[in-house]
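What follows is one structure encoded as structure tokens, with my remarks underneath.
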Amino acid sequence: MDRQQEFVLRTIEERDVRFVRLWFTDVVGSLKSVALAPAEVEGAFEEGLGFDGSSIEGLARVFESDMLLQPDPATFQILPWRGETEQTSRMFCDILTPDGEPSTADPRNVLKRTLAKAADMGFTCYTHPEIEFYLLKSQEPGPDGAPVPVDEGGYFDHVPGGVAQDFRRTAVTMLESVGISVEFSHHEGGPGQNEIDLRYADALQTADNIMTFRTVIKEVALQQGTYATFMPKPFTAHPGSGMHTHFSLFEGDSNAFFEAGSEYQLSKTARQFIAGILKHAPEFTAVTNQFVNSYKRLWGGGEAPSYLSWGHNNRSALVRVPLYKPGKGQSARIEYRGIDSAANPYLAYAVLLGAGLKGIEEGYDLPAAAEDDVWSLSSAERRAMGHDPLPASLHDAIRAMEDSELMPQILGEQVFEHFLRNKRAEWQDYRLQVTPYELQRNLGIL
């Protein structure tokens, strides 16, 4: 037994932890949980905990349903919202086959495989997400059928006596109590919309943190009598919720994206990484923007990027190179602005990193940066500059992913097939719906 496992067992005993929750996700990123009695934790470390994988979306077929949960002791945390009495803790799990091999269908393992490939190329990947969400008065819609936000605030607004300020203060305190460092928190552009930015961490830890973050935000909202949603576009007239993520690759202690004196201080490695992301973005958009509603955000304005472009400090670009701070070469990074807050972070980071690494491997050339506001250009101007559009709907994204050679390599055939099957079913359900828009527009005149 290693030191981390011993630390977990000792902490459970000393803190009188009554329940240990084992967390993992299905293929679309829904959090799954099973509670373990403290006496069973040592056995779970040694042998794993058996469960029926065929009941979880995307994990296993019925005839190979036996799977094992292997708790990762490095992710052990007490859950503060469960109270001081009968304390509850959690650990994220890796999913194993009955013979103890990592499951190819485990989203966490997909990201681990991609990070292992990066390590083989000499890189460590760090990420920093800016997570947006809406705070609503309740899950129930208002009289007009639209959600009801907790306030009418806007970007960076300080709302006196505001519900959102109290909410953010409580949420940030709770996040930090489970080991998640927060860099910024503020009101975003939409009414009731908030953003909390997590501090840099390696990509696997960030993905674990995002899953915990969503749970904390939902729990704090419920405690305060409100409702938090990570739906990409809950309001027609207000901005959607993105999860802009900053990426950097390090070679040892040195930032591989930084080169003093080059254009924008970007190294050849960084330029090839961006080129890989831009080339393969249409193929992975179904993963980074995985719901029908995601495309209302991408194509609904409000600073959501819709075209394949990159730029220096250009917020209309899909990939942005933030302003360089003199003397801060270690902070060189790129920001991918397409991903939304509802993505499965394990798969989303795997495909983004995998596409960037492909650009480095193959030596992709980076097209010219977009100097203009890409949204204000005409279609002909965008075409002339090579700013092709991202998929316009989940259906288009599915088609682009189906035609990809790279996505099944990154995701593995099983996750690739299960994910596409889930998304095809969602699109089929959606396109059969007769919406209120159609009834309002057509029923009285046709």
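What follows draws every value from the coordinates through simple rules; no lab data is involved. None of the values given here were measured: they were computed from a predicted structure. Counting neighbours? That spans all protein chains shown, and the Cβs are built from the backbone with ideal geometry, glycine included.
So what is the relative contact order of region 3-101, in percent, for Cα pairs below 8 Å that sit 6 or more residues apart? Kindly include the intermediate steps, with their values, before the conclusion.
On the way: 170 pairs, mean separation 29.9, N = 99.
Contact order relative to length: 30 percent.
Kindly give Rg over Rh for region 75-195, based on alpha-carbon atoms, with the Kirkwood expression for the hydrodynamic radius.
1.09
Using only Cα positions of the chain, each an equal point scatterer, no hydration layer, compute I(q)/I(0) via Debye at q = 0.10 Å⁻¹ and quote the log10 values to two decimals.
With one equal scatterer per Cα and no solvent, log10 I(q)/I(0) is -0.75.
With n ≥ 4 as the cut-off for DSSP H runs, can you work out [θ] at 222 nm for the chain, using -39500 (n - 2.57) per run divided by the number of residues, rounded to the nearest 500?
Result for the chain: -11500 deg cm²/dmol, rounded to the nearest 500.
On the Cα set of region 131-233, report Rg and Dmax in Å, please.
When restricted to Cα atoms, region 131-233 yields Rg and Dmax of 13.4, 45 Å.
Between residue 139 and residue 52, how many nm apart are label points set 7 Å from Cα along the C-beta direction?
Those two pseudo-labels are separated by 2.4 nm.
Which FRET efficiency, nearest 0.05, do residue 223 and residue 328 yield, Cβ-Cβ r, R0 51 Å?
0.85
Return a whole-number percent for the relative contact order of the chain, with Cα pairs under 8 Å and 6 or more residues apart as the contact set.
Details: 860 pairs, mean separation 66.7, N = 446.
After rounding, I find 15 percent.
Taking H as built 1.01 Å from N, whose amide H comes closer than 5 Å to the amide H of residue 103, not counting residues under 5 places away?
95, 96, 97
If packing is taken as the average number of other Cβ atoms within 10 Å across a peptide's residues, how do 27-35, 431-439, 276-284 rank, most packed first?
Values: 27-35: 16.2, 431-439: 9.3, 276-284: 23.4.
Highest-to-lowest ranking by the protection proxy: 276-284, 27-35, 431-439.
For the chain, list the DSSP H helices whose alpha carbon atoms reach 18 Å or more along the long axis and whose average Kyte-Doolittle value is 0.0 or above?
Those that clear 18 Å and a mean of 0.0 are 203-223, 268-288, 345-362.
Which distance in nm do the two modelled labels at residue 439 and residue 380 give, with both placed 7 Å along the Cα-to-Cβ direction?
The two pseudo-label positions are separated by 4.3 nm.
Using the Kirkwood formula over every pair of different C-alpha atoms, what hydrodynamic radius in Å results for region 233-332?
15.0 Å
Could you calculate the FRET efficiency of residue 413 with residue 35 from 1/(1 + (r/R0)^6), where r is the beta carbon distance between them and R0 is 41 Å, rounded to 0.05?
For R0 = 41 Å, the calculated efficiency reads 0.80.
Which of the three applies to region 244-296, rounded, prolate or oblate, going by the alpha-carbon gyration tensor with a ≥ b ≥ c and a/c under 1.5 meaning rounded?
prolate
Mind checking the full-extension length gain between residue 15 and residue 422? Use 0.36 nm per residue of separation minus the Cα-Cα distance, one decimal, nm.
Gain on stretching residue 15 to residue 422: 142.4 nm.
Between residue 101 and residue 313, what's the calculated FRET efficiency when r is the beta-carbon distance and R0 is 60 Å? Round to 0.05.
0.85
Note down the nm distance, to one decimal, between modelled labels 7 Å out along Cα→Cβ at residue 251 and at residue 299.
Each label point is offset 7 Å from its Cα along the Cβ direction, giving 4.2 nm.
Taking Cα atoms of region 1-150, Rg/Rh with Kirkwood Rh, to two decimals?
Rounded to two decimals, Rg/Rh equals 1.05.
Check the straight Cα-Cα distances from residue 358 and name the aspartates and glutamates below 15 Å, setting aside those fewer than 8 residues away within the same chain.
Qualifying aspartates and glutamates at Cα under 15 Å: 120, 283, 405.
log₁₀ I(q)/I(0) of region 314-434 at q = 0.11, 0.17, 0.20, 0.21 Å⁻¹, via Debye over equal Cα point scatterers, no solvent, to two decimals?
Debye curve over Cα of region 314-434, log10 I(q)/I(0) at q = 0.11, 0.17, 0.20, 0.21 Å⁻¹: -0.52, -1.15, -1.38, -1.42.
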